[in-house]
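The values are calculated or read from the model by the stated rules, or taken from the named source; none is laboratory data. Keep in mind that what you see is a predicted model, and the values were worked out from it rather than measured. Using ideal geometry, Cβ is built from the backbone for each residue, glycine included, and neighbour counts are taken over all protein chains shown.
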């Protein structure tokens with residue numbers, strides 16, 4: 001009989017879970033008794049074989065075979081299905097074996113009055129099974145008396161003497177079993193309710209994750225003068241990061257990277273509202289600072305719980321090559337200059353959205369040369385930690401970008417940066433969402 005964990009029992013129907021639970025209780029409490037009889041049968045077989053080969057030797061060998069088969073097959077499905085009836089039958093057989101081994105009245109009565117009632121009290125047999133064991137004790141005791149020249153009255157007295165303790169033990173065990181069953185079912189129902197609630201929440205989180213991932217770009221747009229590649233790695237089922245490519249016209253694209261404080265369903269809802277607002281303000285994105293001011297007003301007016309959102313909006317224009325950046329509390333974008341082979345920071349610092357303080361957002365404009373590469377990212381990238389709790393950091397990111405910028409197109413640069421962070425982090429748990437967008441200006445490609 002395999003003892004199942006409570007988590008396994010919750011997967012079974014209620015009645016089957018109850019049966020398996022009390023089967024395990026019966027096994028844990030009865031295995032020592034049956035194991036002791038297994039050892040006794042083995043020793044008795046040796047003793048009887050060395051002395052006289054009468055019927056007691058065959059009784060010992062038969063009992064040894066029955067108990068051995070039970071211990072070997074107890075984990076099989078047929079035995080598990082009828083476990084407690086089998087144990088009840090073995091208990092009855094052990095008393096009969098004791099009676100057949102004995103030639104005197106005292107040992108039989110002692111075994112019938114002491115060990116067997118105690119075992120009945122400890123085991124959690126059902127009433128029919130307990131009644132069968134009690135009947136076997138009474139009938140076996142009376143039959144033994146008749147077989148050893150006792151009168152009918154004496155045999156009946158032996159049976160009545162055994163019936164009292166055995167019946168009391170069976171009744172006490174039945175009452176305790178009812179109480180234990182009630183307590184088990186209360187725990188079982190609470191656990192099942194918690195598990196159902198957990199599965200429901202898990203399903204809702206999975207749906208929310210699908211919806212959030214569907215809000216991210218499905219792939220890189222094909223633009224003849226601009227390469228784009230992005231990635232978002234949530235730290236939880238629903239993350240608080242967001243990035244987007246927004247087409248303004250054939251000569252201009254807006255890149256957005258945002259990060260809501262924390263992660264989870266609440267952050268995902270705020271991201272969804274932010275995305276909708278950006279598309280409502282799509283025609284105004286050529287002035288990113290003005291858009292940030294309007295987003296800030298929207299968050300202050302609609303979100304009553306204090307929360308913070310960091311955002312960077314970068315507008316890339318084809319002719320003349322130009323990058324216009326406005327930031328709200330977000331890590332500064334990095335610009336790799338191809339001609340100079342160096343990395344510079346772009347954008348002016350400003351508070352995040354949702355601070356409920358008077359604030360003015362400003363934008364910075366820089367000229368772009370063919371081959372220049374811009375990186376927008378969230379703080380989860382630079383704050384990634386290794387097992388020593390050291391941060392990846394801005395300096396390491398700038399060095400990695402300088403190496404990756406000569407590697408190839410925007411997708412290859414993105415992959416190189418993610419691999420560098422992953423190698424640095426190792427097996428350490430990701431503590432925050434990681435998002436980045438890589439854009440390379442290639443006007444000559446057209």
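Among the residues of segment 290-310, those identified as in a helix (DSSP H, G or I) and within 13 Å of residue 351 (Cβ to Cβ) are 292, 293, 295, 296, 299, 300.
Counting only residues that are exposed (fewer than 13 other Cβ atoms within 10 Å of the Cβ) and either in contact (Cβ under 8 Å) with a residue 24 or more places away in the chain or not assigned by TED's automatic domain parsing to the domain that holds residue 83 (or both), segment 42-61 holds 1 of them.
Of all the numbered requirements in (1) under 22 Å from residue 380 (Cα atoms); (2) touching a residue at least 12 places away in the same chain (Cβ under 8 Å); (3) assigned to a helix (DSSP H, G or I), residue 269 misses one, and that requirement is (2).
Whether any residue in segment 418-433 is part of a helix (DSSP H, G or I) and within 23 Å of residue 274 (Cα to Cα) is what I want to check. No: zero hits. For segment 324-362, the candidate set comprises residues that are touching a helix residue (DSSP H, G or I) at 6+ places or on another chain (Cβ under 6 Å) and at positive phi; within that set, the residue that is surrounded by the fewest Cβ atoms within 10 Å (Cβ to Cβ) is 356.
Restrict the check to segment 358-366 and report whether at least one residue is in contact (Cβ under 8 Å) with a residue 60 or more places away in the chain, in the same structural domain as residue 322 (by TED's automatic domain parsing), out of contact with any strand residue (DSSP E or B) (no Cβ under 7 Å at 6 or more places or on another chain) and under 24 Å from residue 268 (Cβ atoms). No, because not a single residue in segment 358-366 is in contact (Cβ under 8 Å) with a residue 60 or more places away in the chain, in the same structural domain as residue 322 (by TED's automatic domain parsing), out of contact with any strand residue (DSSP E or B) (no Cβ under 7 Å at 6 or more places or on another chain) and under 24 Å from residue 268 (Cβ atoms).
Applying the set (1) without any contact (Cβ under 8 Å) to a residue 12 or more places away in the chain; (2) farther than 20 Å from residue 136 by Cβ; (3) within 39 Å of the chain's Cα centre (by Cα) to residue 71 leaves exactly one unmet item: (1).
Residues considered: 64, 39, 34. Of these, the only one that is over 22 Å from residue 126 (Cα atoms), touching a helix residue (DSSP H, G or I) at 6+ places or on another chain (Cβ under 7 Å), in a helix (DSSP H, G or I) and in the same structural domain as residue 182 (by TED's automatic domain parsing) is 64. Given the structure, is residue 288 within 19 Å of residue 379 (Cβ to Cβ) and either touching a strand residue (DSSP E or B) at 6+ places or on another chain (Cβ under 9 Å) or not assigned by TED's automatic domain parsing to the domain that holds residue 377 (or both)? No: the conditions fail for residue 288. Within segment 1-10, is even one residue in contact (Cβ under 8 Å) with a residue 60 or more places away in the chain, outside the structural domain of residue 190 (by TED's automatic domain parsing) and under 23 Å from residue 132 (Cβ atoms)? Yes, because at least one residue in segment 1-10 is in contact (Cβ under 8 Å) with a residue 60 or more places away in the chain, outside the structural domain of residue 190 (by TED's automatic domain parsing) and under 23 Å from residue 132 (Cβ atoms). Scanning segment 288-298 turns up one or more residues that are under 20 Å from residue 433 (Cβ atoms), surrounded by 17 or more Cβ atoms within 10 Å (Cβ to Cβ) and in contact (Cβ under 8 Å) with a residue 24 or more places away in the chain. Within segment 151-166, the set of residues being without any contact (Cβ under 8 Å) to a residue 40 or more places away in the chain and either part of a loop (DSSP other than H, G, I, E, B) or under 18 Å from residue 94 (Cα atoms) (or both) comprises 151, 159, 163. Hey, any hits in segment 418-439 for a residue that's surrounded by 18 or more Cβ atoms within 10 Å (Cβ to Cβ), modelled with pLDDT under 90, farther than 13 Å from residue 231 by Cα and touching a helix residue (DSSP H, G or I) at 6+ places or on another chain (Cβ under 8 Å)? Scanning segment 418-439, I find at least one residue that is surrounded by 18 or more Cβ atoms within 10 Å (Cβ to Cβ), modelled with pLDDT under 90, farther than 13 Å from residue 231 by Cα and touching a helix residue (DSSP H, G or I) at 6+ places or on another chain (Cβ under 8 Å), so the answer is yes.
Is it the case that some residue within segment 95-111 is in a helix (DSSP H, G or I), touching a residue at least 60 places away in the same chain (Cβ under 8 Å), in the same structural domain as residue 19 (by TED's automatic domain parsing) and crowded, with 17+ Cβ neighbours inside 10 Å? Looking through segment 95-111, at least one residue is in a helix (DSSP H, G or I), touching a residue at least 60 places away in the same chain (Cβ under 8 Å), in the same structural domain as residue 19 (by TED's automatic domain parsing) and crowded, with 17+ Cβ neighbours inside 10 Å. Close contacts from segment 125-143, counting a first residue that is touching a residue at least 60 places away in the same chain (Cβ under 8 Å) and a second that is buried (at least 20 other Cβ atoms within 10 Å of the Cβ) and in a helix (DSSP H, G or I), with Cβ to Cβ under 6 Å and a gap of 6+ residues or different chains, come to 125/84; 125/88. Here residue 321 meets each of (1) modelled with pLDDT of 95 or more; (2) under 16 Å from residue 228 (Cβ atoms); (3) touching a helix residue (DSSP H, G or I) at 6+ places or on another chain (Cβ under 7 Å) with one exception, condition (1).
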